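The values are calculated or read from the model by the stated rules, or taken from the named source; none is laboratory data. Because the structure is predicted, anything quoted here is derived from the model rather than measured. All Cβ positions, glycine included, derive from the backbone under ideal geometry; neighbour counts span all protein chains shown.
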Amino acid sequence: MSDILERVKKIVVEHLDVDADKVTEEASFTDDLGADSLDNVELVMAFEEEFDIEIPDDAAEHIQTVGAAVKFISEKQG
Amino acid sequence: MTKRRVVVTGLGLVTPLGCGTDIVWSRLIAGQSGLSRIEHFEVEDISCQIAGIVPRVDGRNGGSPEIEGSFDPDAVLPAREQKRIDEFILYAIAAADEALAHSGWEAKTEEDKHRAGVLIGSGIGGLQTIYDASVLLNERGPRKLSPFVIPAMLINLASGQVSIRHGLKGPNHSVVTACSTGAHAIGDAARLIAYGDADMMVAGGAESAICRLGLAGFAAARALSTGFNDNPKAGSRPYDKDRDGFVMGEGAGVMILEEYESAKARGATIYAEVAGYGLSGDAFHITSPAEDGDGGFRSMSAALKSAGLSASDIDYVNAHGTSTPKGDEIELRAVERLFGECANDLVMSSTKSAVGHLLGAAGAIEGIFSVLAIKHGVCPPTLNLDNPSVETSINLAPHKAVTKPVKAALSNSFGFGGTNASVVFKAVD
């Protein structure tokens with residue numbers, strides 16, 4: 001779980017060009033980290049690539065925070 | 001309706017001779033060439049292996065952080081933003097930044113922003129982006145495509161990005177007319193100001209099609225020089241008997257155009273007036289110019305007419321002159337036909353001999369060179385013109401720049417599809 005969190009954080013920092021300490025589990029990609037709709041699509045693609053999973057569009061819509069991403073990925077990897 | 005006068009108040013250049021207007025101009029009139037062998041992608045299997053590449057701080061085309069005018073992408077945009085745009089947009093942003101800073105123009109009110117627009121075109125747009133996306137789509141499927149593929153390669157996104165960056169909320173437009181793009185962009189933008197749609201326009205062209213697809217595509221059309229792969233700087237040789245095709249170039253040229261009275265009122269430095277603009281079509285062939293040169297003749301005539309000038313008023317012509325076997329002489333004959341006896345006093349040069357053919361940016365950078373010829377009283381040279389293929393009374397400025405007062409200059413651009421544009425610039429007293 002903590003390993004997933006760190007990897008998610010790294011991706012978010014790289015893609016959104018934000019300070020690592022802002023990337024908390026509660027942080028919203030859009031409201032707190034400045035992502036727009038295209039950034040969100042790109043983030044989901046980066047998660048898919050990093051964790052070798054598929055995130056369907058309807059699931060992606062609900063991944064709006066760092067914590068939500070970590071939770072989804074953890075469940076997917078089971 | 002009375003047309004308003006339009007003047008040039010700022011210039012920005014990214015070219016194979018470097019980036020920054022002053023350094024590019026000094027190298028151009030010194031007779032330097034920006035052409036080199038392509039080293040940054042595989043060219044062994046392509047008949048043309050040379051190009052006019054923008055020198056970069058990473059070493060491309062001889063650039064380095066220590067050499068003035070070397071292009072530094074990181075100085076324009078953060079790396080994250082660079083990945084979301086094609087290079088032609090990066091060049092457009094850099095040239096627009098320089099031109100705006102150069103002009104000193106600033107929006108003081110929201111209304112000022114509404115009256116300021118952007119019209120930057122490109123002949124081809126994000127070719128490398130399209131190529132990369134096509135390969136990715138083929139190899140890994142549609143889910144792997146970046147959401148930025150489309151906005152990265154769309155031609156009008158050069159205008160879009162520049163408007164967003166500088167808060168310019170007036171007309172937001174673009175041009176796609178192959179090698180006439182830059183000239184059409186400047187002419188059309190001037191008309192938007194003349195007819196009252198805007199008071200200021202950021203206008204020009206940008207291109208970055210020097211990639212395997214672009215090079216191989218033009219090579220397939222037998223348009224490129226193939227005989228100078230071992231001597232790149234001699235590859236672009238307009239009017240010379242050994243010319244064998246054009247050499248691709250890349251970069252961007254952007255001008256700040258303003259309504260004359262408002263430019264004067266704010267104390268702007270005025271470089272020249274956009275005095276006339278003419279357009280025509282050949283209706284002849286997709287890639288070859290009509291043999292009689294009538295299309296070019298008519299676009300030049302229309303530009304003179306709209307400027308209220310006659311041929312004898314023109315001191316310098318910046319030719320389209322691409323170094324193709326057919327096109328150069330056809331244009332030369334059309335200019336001779338238009339100028340008649342005044343041809344004896346005319347200087348005409350092709351700056352493509354030094355920077356190559358920047359396609360959709362060509363008309364914009366050549367318009368800027370025409371404006372600088374007026375400002376400095378110097379006509380840039382035609383490099384590599386050792387043995388003219390035909391006789392002419394026009395001074396083609398072989399090898400060396402010609403110093404002479406230039407009160408008015410005409411810049412020609414002719415493109416695939418038979419699209420012709422001519423712009424007349426003149427000094428403002």
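Would you mind finding the one in A:63, A:55 that is part of a loop (DSSP other than H, G, I, E, B), within 14 Å of chain B (Cβ to nearest Cβ) and not charged (D, E, K, R)?
Being part of a loop (DSSP other than H, G, I, E, B), within 14 Å of chain B (Cβ to nearest Cβ) and not charged (D, E, K, R) holds for just one of A:63, A:55, which is A:55.
So, restricting to strands (runs of 3 or more DSSP E) that lie completely within the stretch B:270-372, which ones have at least 1 residues that are within 24 Å of residue B:242 (Cα to Cα)?
B:316-318, B:347-349
Applying the selection to the stretch B:208-267, what residues are of a type in the set (Asp, Glu), over 30 Å from residue B:22 (Cβ atoms) and buried (at least 16 other Cβ atoms within 10 Å of the Cβ)?
Passing the criteria: only B:244.
How many of the residues in the stretch B:93-144 are under 23 Å from the mean Cα position of the chain (by Cα) and in a loop (DSSP other than H, G, I, E, B)?
Final tally of qualifying residues: 7.
What is the residue count in the stretch A:16-39 for residues that are in a helix (DSSP H, G or I) and without any contact (Cβ under 8 Å) to a residue 24 or more places away in the chain?
Number of matching residues: 5.
I'm checking my understanding of the structure. Among residues of the stretch B:71-87 that are buried (at least 18 other Cβ atoms within 10 Å of the Cβ) and outside any helix (DSSP H, G or I), which one is farthest from the other protein chains (Cβ to nearest Cβ)?
Result: B:71.
Of the conditions (1) charged (D, E, K, R); (2) touching a helix residue (DSSP H, G or I) at 6+ places or on another chain (Cβ under 6 Å); (3) without any contact (Cβ under 8 Å) to a residue 40 or more places away in the chain, residue B:259 clears all except one; give me its number.
(3)
Say whether the condition of being crowded, with 24+ Cβ neighbours inside 10 Å and without any contact (Cβ under 8 Å) to a residue 60 or more places away in the chain is met by at least one residue in the stretch B:373-392.
Yes: one or more hits.
Quick check on the stretch B:166-183. Is at least one of its residues out of contact with any strand residue (DSSP E or B) (no Cβ under 8 Å at 6 or more places or on another chain) and under 25 Å from residue B:81 (Cβ atoms)?
Looking for residues that are out of contact with any strand residue (DSSP E or B) (no Cβ under 8 Å at 6 or more places or on another chain) and under 25 Å from residue B:81 (Cβ atoms), one finds at least one in the stretch B:166-183, hence yes.
What's the total number of residues in the stretch B:374-429 that are within 20 Å of residue B:183 (Cα to Cα) and out of contact with any strand residue (DSSP E or B) (no Cβ under 9 Å at 6 or more places or on another chain)?
Summing the residues that are within 20 Å of residue B:183 (Cα to Cα) and out of contact with any strand residue (DSSP E or B) (no Cβ under 9 Å at 6 or more places or on another chain) in the stretch B:374-429 gives 1.
From the list B:67, B:23, B:46, pick out the single residue that is in a helix (DSSP H, G or I) and of a type outside the set (Phe, Trp, Tyr).
Going through B:67, B:23, B:46 in turn, just one is in a helix (DSSP H, G or I) and of a type outside the set (Phe, Trp, Tyr): B:23.
Residues in the stretch B:49-64 that are surrounded by fewer than 17 Cβ atoms within 10 Å (Cβ to Cβ) and assigned to a helix (DSSP H, G or I): how many?
Selection size over the stretch B:49-64: 1.
How many residues does the stretch A:25-52 contain that are away from every other protein chain (no Cβ under 12 Å) and either loosely packed, with under 13 Cβ neighbours inside 10 Å or β-branched (Val, Ile, Thr) (or both)?
Summing the residues that are away from every other protein chain (no Cβ under 12 Å) and either loosely packed, with under 13 Cβ neighbours inside 10 Å or β-branched (Val, Ile, Thr) (or both) in the stretch A:25-52 gives 4.
Just the residues that are assigned to a loop (DSSP other than H, G, I, E, B) and farther than 17 Å from residue B:38 by Cβ, please, taken from the stretch B:178-220.
The answer is B:195, B:196, B:197, B:198, B:199.
Rundown of residues vs (1) under 16 Å from residue B:84 (Cβ atoms); (2) within 11 Å of the chain's Cα centre (by Cα); (3) modelled with pLDDT of 95 or more; (4) in a helix (DSSP H, G or I), yes/no style:
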{"position": "A:10", "(1), (2), (3), (4)": "no, yes, yes, yes"}
{"position": "A:14", "(1), (2), (3), (4)": "yes, no, no, yes"}
{"position": "A:43", "(1), (2), (3), (4)": "yes, yes, yes, yes"}
{"position": "A:46", "(1), (2), (3), (4)": "yes, yes, yes, yes"}
{"position": "A:67", "(1), (2), (3), (4)": "no, yes, yes, yes"}
{"position": "A:75", "(1), (2), (3), (4)": "no, no, no, yes"}
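Please indicate, with yes or no, whether at least one residue in the stretch B:163-172 is in contact (Cβ under 8 Å) with a residue 24 or more places away in the chain, in a loop (DSSP other than H, G, I, E, B) and within 14 Å of chain A (Cβ to nearest Cβ).
The answer is no, given that none of the residues of the stretch B:163-172 is in contact (Cβ under 8 Å) with a residue 24 or more places away in the chain, in a loop (DSSP other than H, G, I, E, B) and within 14 Å of chain A (Cβ to nearest Cβ).
Sort through B:152, B:116 and tell me the only one that's within 14 Å of another protein chain (Cβ to nearest Cβ) and surrounded by 23 or more Cβ atoms within 10 Å (Cβ to Cβ).
B:152
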